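FYI, it's all coordinate maths here, none of it is from the lab. Keep in mind it's a predicted model, so treat the numbers as computed, not measured. Glycine gets a Cβ as well: all are built from the backbone with ideal geometry, and neighbour counts include every protein chain shown.
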Ligand code: GLN
């Protein structure tokens, strides 16, 4: 029998619902269950693809090319579940499906309403993702009481009647604040949110209490009594310094055991999270450190670089190091203090991005890394900047640019590839006039690695190599001759050989640009090979600098 776990949040937002859900997924997986996790976002946009990173943080890309909420990234980093576009949906998508159905006349003359038509569509999407899994965890975005999430809560309530009481449970993540002046822990906000959830017809089965002080027995008794939840299902979710500690902390609190009992899950062997435990221990007790500059332009919201930061952390932890990130605002690149900072780091990352702002500065950062022989990893836009820099300063094409930033450049080295083959073998024709939404090269594509290159060394244990994309502009292989002749080598190409996927600089310790986003495939248990190579070289760079 398929089981469902609904996770919603009370009191305030930003309590770490995504991490809590991913952690529970991890624990259930460690007990041998096949799980999947779905995130429902209560906004009207179809997906976050067209939202500014300042609004939404990072746009995460799944292997099948969906632009999703960054929580999907947490789920993939914590578990082995392979997630697709079905694992994230929004109010916009739900209404779009229902309205299209209405236009096709499929409601047979009925009045189309939130209940049952919208709620049916929500449940249909939850059922669709549950196929083939023992347990489906569904995280409902927003906070209980928001107008936007009401239809989702209602659908979650109805689900109990469709699948049966013993096959679904509801978790409420809530805040139990410590009031320092009074020296007391307060349970009232939790009581209020439970009431609010109950008024919507859902009685929570488990309360996950986010708190900075461990809940005493007395407090648990009180919460249990006032909130009508068994004491063993009142779980302390203590603030954690390291998000990767959360699963085992929650395990100690007994959450997975409570879930197993409440859902009457058949036991599937012993709990095994040995590798996870080893890696988090290594992460928490580093033997060395490494300083990495991230030259970006969405510095006001670090969440915009979530997967990237995590990928750096994964690689560093696997190499026994702690990564310190130096956040460099691209537009400050020529300031003396920024140059000083760049000189102090062991490696430089130039991440992806869109639009003209900060481009010239990122190009300068690429120049700095090239000339100073600092290990550099350029991702997507970062690779494009490295190519433009090389064209201008090594090949002498002073106006080289991407047509994204200068449509009239006389040396359009990065440009829209108008004709190429997509991953399904279809010929794609694209023009500059295409819509912004949904016109990118998105999702997983094969990358053919050239033997004898740095890329081949990095990917030595991976075959075939599939990487995730999210961009419009390309460096086409028909334009690479002059670059190769002067040392910027192509070390990875697309399946049909027409698009450059990886470039690297001969004679440099590590100067690699990739057109894809390797950070989307990194996890603590499986760090990404390019990040491993980059951090390894950065560590060597640090040690070499020490010896001077
Ligand atoms: N703006 C560039 C493009 O569309 C790079 C995108 C990115 O870095 N994700 O090709």
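Give the relative contact order (percent, whole number) for the chain; include only Cα pairs under 8 Å separated by 6+ residues.
It rounds to 15 percent for the chain.
Would you compute, from DSSP H runs of 4+ residues alone, the mean residue ellipticity of the chain at 222 nm, taking -39500 (n - 2.57) per run and dividing by the full residue count, rounded to the nearest 500?
-10500 deg cm²/dmol
Where does each of 340, 537 land when they are ranked from fewest to most other beta-carbon atoms within 10 angstrom?
Ranking 340, 537 by Cβ neighbours within 10 Å, fewest first, gives 340, 537.
Please determine, in degrees from 0 to 90 and to the nearest 10, the orientation of helix 529-547 with respect to the longest principal axis defined by the Cα atoms of the chain, where the helix direction is its Cα long axis.
60
Quick one: length gained pulling residue 288 to residue 115 fully straight, 0.36 nm per residue minus the C-alpha distance?
Length gained between residue 288 and residue 115: 56.6 nm.
In nm, give the distance between the simple-model label positions of residue 357 and residue 439, each being 7 Å from the Cα along the Cα-to-Cβ direction.
In this crude label model, residue 357 to residue 439 measures out at 2.2 nm.
Using alpha carbon centroids, what distance separates segment 1-26 and segment 349-389, in Å?
37
Only Cα pairs under 8 Å and at least 6 apart count here; give the relative contact order of segment 285-442 as a rounded whole percent.
Once divided by the residue count of segment 285-442, the mean separation gives 17 percent.
So how far apart, in nm, are the two label points at residue 2 and residue 96 if each is 7 Å from Cα heading toward Cβ?
Label at residue 2, label at residue 96, 2.3 nm between them.
Using a 10 Å cut-off on Cβ atoms, rank the peptides 441-454, 81-94 from the highest mean neighbour count down.
Those peptides, ordered most packed to least, come out 81-94, 441-454.
Taking the Cα-to-Cβ direction at residue 450 and at residue 428 and moving 7 Å from each Cα, how far apart do the two end points lie in nm?
Placing both labels 7 Å along Cα→Cβ, they lie 2.3 nm apart.
Considering only segment 169-297, what is the antiparallel percent among its DSSP beta bridges, to the nearest 5?
15
Compute the length gained on full extension between residue 240 and residue 195: take 0.36 nm times their separation in residues and subtract their Cα-Cα distance, giving the result in nm to one decimal.
Here the answer is 13.4 nm.
Between segment 119-135 and segment 100-118, how far is it from one alpha carbon centroid to the other, in angstrom?
20
How much length is gained if the chain between residue 252 and residue 341 is pulled fully straight, taking 0.36 nm per residue apart and subtracting their Cα-Cα distance, in nm to one decimal?
27.9 nm
Measuring from centroid to centroid over Cα atoms, what is the spacing of segment 437-482 and segment 296-331 in Å?
Each part's Cα centre sits 22 Å from the other's.
Any idea what the relative contact order of segment 364-489 is, in percent, if you count C-alpha pairs under 8 Å spaced at least 6 apart?
Contact order relative to length: 21 percent.
So for 172, 263, 108, fewest C-beta neighbours within 10 Å to most, what's the order?
Ascending number of Cβ neighbours within 10 Å: 108, 263, 172.
Determine, for 516, 354, the number of other Cβ atoms within 10 Å of each Cβ, and report the residues in order from fewest to most.
354, 516
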